[in-house]
Amino acid sequence: MSETLENLSSETRQFPPPAELAANANVTAEAYEQAGADRLAFWATQAERLVWAKKWDQVLDWSNPPFAKWFVGGELNIAYNCVDRHVEAGNGDKVAIHWEGEPGDSRTVTYSELLTSVSQAANTLTDLGVVAGDRVMIYLPMIPEAAVAMLACARIGATHSVVFGGFSVDALATRIQDAAAKVVITADGGYRRGKPSALKPTVDEAVARTESIEHVLVVRRTGQDVAWTEKDKWWHETVEQAGTTHDAQPFDAEHPLFILYTSGTTGKPKGILHTTGGYLTQTSYTHHAVFDLKPETDVYWCTADIGWVTGHSYIVYGPLSNGATQVMYEGTPDTPDRGRFWQIVDKYKVSILYTAPTLIRTMMKWGDDIPAKYDLSSLRVLGSVGEPINPEAWMWYREHVGRERTPIVDTWWQTETGAIMISPLPGVTATKPGSAMTALPGISSDVVDDQAQSVPDGGGGFLVLREPWPSMLRTIWGDDKRFLETYWSRFGAGSGSSSTEWIYFAGDGAKKDEDGALWLLGRVDDVMLVSGHNISTTEVESALVSHPSVAEAAVVGATDPTTGQAIVAFTIPRGNVETEGEAGEALIQELRNHVSKTLGPIAKPRQIMLVAELPKTRSGKIMRRLLRDVAEKRSLGDVTTLQDSTVMDLISSGMNTAKSED
Ligand code: WT7
């Protein structure tokens, strides 16, 4: 990639915060001034939102970059901060979790009940020989026990590593091995698409393949038959019989809290390590600031799975540290029907909803009439995370979910950053559809060219972080060298340049618009080089989605004899659009011209495919690597992380008959 990334699209719509929200906002514009004046003092103030058993001596130790220590010398217990202190403050009867099972069963867990369960689980883990510093794997469906298990580990200082329940034996075994975990917490199964889906057989095989696991704790969720080994213990026969009180000991601010593996696009998964004090400070503060959570009145719902960092930071640690009442849902958005999300919003009067662009685009494809059937008037803040949200998807979210009343916060962050970094503040920022806007108070982001020079407004390049932040990853588990290479060796001191500044390279492309607002443009590995221009996949995808016939699009660069790379687009039409025969051909031509008109002729796709589905990872990100294979007519690479493996057959078979070139 040469110096910069083309800035092709422009957006003129802007939405100021609702007056009432702005007047009562948790965080105002003053926060930017405070953080700008003294960043470390700002973070110290946010750390004081937590209860510390021992106060820190130093806010940040950055004497051995890029290995940061935050709140040096401080001690706290995370579970105490997320549970006990709310009970002690008299909020024991307050609902912590409204849990909704996929089949329609439900449970209510108050903060006192949560305290009892977490204490029992902590006692059980201790009985099983787990001590501070040991690793515990968690492989569970979206049930309250998932949060209980995480908090119980945190309570006794054990490091948890949650593995998404949809992952295979291989993925689980690799992670058990890398972490050398002692215990796995799992369930017989969970409900997915109306059926019990087994988890225990995967664990049995992974445990058999590895050496380190001593015990397996099994929650009974579905009641399906399970094979039983001598390492297995039922949760209801151990945890639910255990002593109901547990004295939480404080841990050092830099005590390891969890390892979460991210697979990225290539190579062995990276065990991203997060620690205690800085992580809780930033997840707690950002949840309070970005969602404007009012714990007395709001009902918050984050639709992520606890297997992803979003579930860690914005289901478990952020919301519970703030004493939130939240919804947790076990299943899929189309079970029993495509209105399920809106039915849940309506049932629990959800006021803050945090979801992903992939879901928003899916809902767009399913049609406006579905959300229209439900009462969504309780909603007051909407959030998005995981991918760039196309301006049209943003507008759809605003219109059909927010009913043009609610602000949208597009939040950029990563497993590695631990917490939200770039986002509007709902009571402060006038938002632009598709932009994550600006770094939060206390965060220093920038967009740079390949010489690490800040690009001017209107320019595009690489997203970087210039200063350490409290919830930053501390290393890659067991691999400091890879940590340095992956994130710190592209720019600045770690790159061997004469600079003394340590610069974190996020791997994303971004641009600053004329007002300095930030637009995320996707992974730099996906950037297309067309006739010497660096074009982001995101801009072309957003241009396609801005056409009224398109719900979703994925764009890749395929080798081309004349232009180096050429743009190939895979496009999902909206529900009612005619795509057969000539109508399909006409639509394809229209879409090519539409992109050319919107972004300029350089961005005109060489080829457009109309498809029914796109290959996505389990967390909903488009797997462009596979689409590149299809576009270049190669045999498919590794498809094991694919959400639905039949999708690629469908796309490849359609490819041979598609006639869309000029
Ligand atoms: C990557 C991180 C952050 C929790 C979930 C994903 C992309 C994330 C946005 C956003 C544009 C985004 C980036 C980032 N991403 N949020 N609001 N706008 N892109 O965590 O799996 O570690 O993925 O997701 O490419 O680097 P993750």
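The values are calculated or read from the model by the stated rules, or taken from the named source; none is laboratory data. From a predicted model like this one, the values you see are computed outputs, not experimental measurements. Backbone-built Cβ (ideal geometry, glycine too); neighbour counts: all protein chains shown.
Brief remarks on what is shown
- Candidate set from segment 267-287 (those that are assigned to a loop (DSSP other than H, G, I, E, B) and touching a residue at least 60 places away in the same chain (Cβ under 8 Å)); member that is nearest to the ligand (Cβ to nearest atom): 269
- Qualifying residues in segment 394-412 (those that are within 13 Å of the ligand (Cβ to nearest atom) and outside any helix (DSSP H, G or I)) - the one surrounded by the fewest Cβ atoms within 10 Å (Cβ to Cβ): 408
- Among the residues examined, residue 415 qualifies as surrounded by fewer than 21 Cβ atoms within 10 Å (Cβ to Cβ) and within 12 Å of the ligand (Cβ to nearest atom).
- Looking across 60, 5, one residue alone is within 30 Å of residue 494 (Cα to Cα), within 27 Å of the chain's Cα centre (by Cα) and in a strand (DSSP E or B). It is 60.
- Residue tally, condition basic (Lys, Arg), in a loop (DSSP other than H, G, I, E, B) and more than 16 Å from the ligand (Cβ to nearest atom), over segment 572-629: 3
- Selection status of residue 510, of a type in the set (A, V, I, L, M), part of a helix (DSSP H, G or I) and surrounded by 16 or more Cβ atoms within 10 Å (Cβ to Cβ): no
- A single entry from 290, 299, 327 fulfils the requirement of being within 30 Å of residue 40 (Cα to Cα), touching a residue at least 60 places away in the same chain (Cβ under 8 Å) and of a type in the set (A, V, I, L, M, F, W, C): 290.
- For segment 349-363, the count of residues that are within 28 Å of residue 136 (Cα to Cα), in a helix (DSSP H, G or I), away from the ligand (no atom under 13 Å from the Cβ) and not assigned by TED's automatic domain parsing to the domain that holds residue 619 is zero.
- Filtered by the rule that a residue be at pLDDT 90 or above and among the hydroxyl-bearing types (Ser, Thr, Tyr), segment 578-595 gives no residues.
- Hey, residue 209 more than 16 Å from the ligand (Cβ to nearest atom), in the same structural domain as residue 83 (by TED's automatic domain parsing) and touching a Phe, Trp or Tyr at 6+ places or on another chain (Cβ under 7 Å) or not: no
- Being within 16 Å of the ligand (Cβ to nearest atom), over 18 Å from residue 456 (Cα atoms), among the small types (Gly, Ala, Ser) and touching a strand residue (DSSP E or B) at 6+ places or on another chain (Cβ under 6 Å) holds for only one residue in 493, 506, 510, 517, and it is 506.
- Condition met for residue 259 (in contact with an Asp or Glu (Cβ under 6 Å, 6 or more places away or on another chain), crowded, with 21+ Cβ neighbours inside 10 Å and β-branched (Val, Ile, Thr)): no
- One residue from 499, 471 being at pLDDT below 95 and either closer than 26 Å to residue 36 by Cβ or crowded, with 16+ Cβ neighbours inside 10 Å (or both): 499
- Restricting 446, 457, 450 to residues that are surrounded by fewer than 22 Cβ atoms within 10 Å (Cβ to Cβ) and either assigned to a strand (DSSP E or B) or within 12 Å of the ligand (Cβ to nearest atom) (or both) narrows the list to 446.
- Of all residues in segment 518-539, those that are at positive phi and part of a strand (DSSP E or B) have Cβ atoms under 8 Å from Cβ atoms of residues that are of a type in the set (Ser, Thr, Tyr) and near the ligand (Cβ under 9 Å from one of its atoms), 6 or more apart or on another chain, in 522/538.
- Identity of the residue in segment 418-427, out of contact with any helix residue (DSSP H, G or I) (no Cβ under 7 Å at 6 or more places or on another chain) and part of a loop (DSSP other than H, G, I, E, B), that ends up nearest to the ligand (Cβ to nearest atom): 421
- Residue 89, sole failed condition from (1) part of a loop (DSSP other than H, G, I, E, B); (2) surrounded by fewer than 16 Cβ atoms within 10 Å (Cβ to Cβ); (3) assigned by TED's automatic domain parsing to the domain that holds residue 417: (1)
- For segment 146-162, filtering for residues that are among the β-branched types (Val, Ile, Thr) and part of a helix (DSSP H, G or I) leaves 2.
- Unmet criterion (only one of (1) surrounded by 13 or more Cβ atoms within 10 Å (Cβ to Cβ); (2) polar (S, T, N, Q); (3) more than 31 Å from the chain's Cα centre (by Cα)) for residue 222: (3)
- Cβ-Cβ under 9 Å pairs, at least 6 apart or on other chains, segment 410-436 side without any contact (Cβ under 8 Å) to a residue 40 or more places away in the chain and more than 16 Å from residue 288 (Cβ to Cβ), far side within 13 Å of the ligand (Cβ to nearest atom) and among the small types (Gly, Ala, Ser): 410/383; 410/384; 410/423; 410/434; 410/435; 410/436
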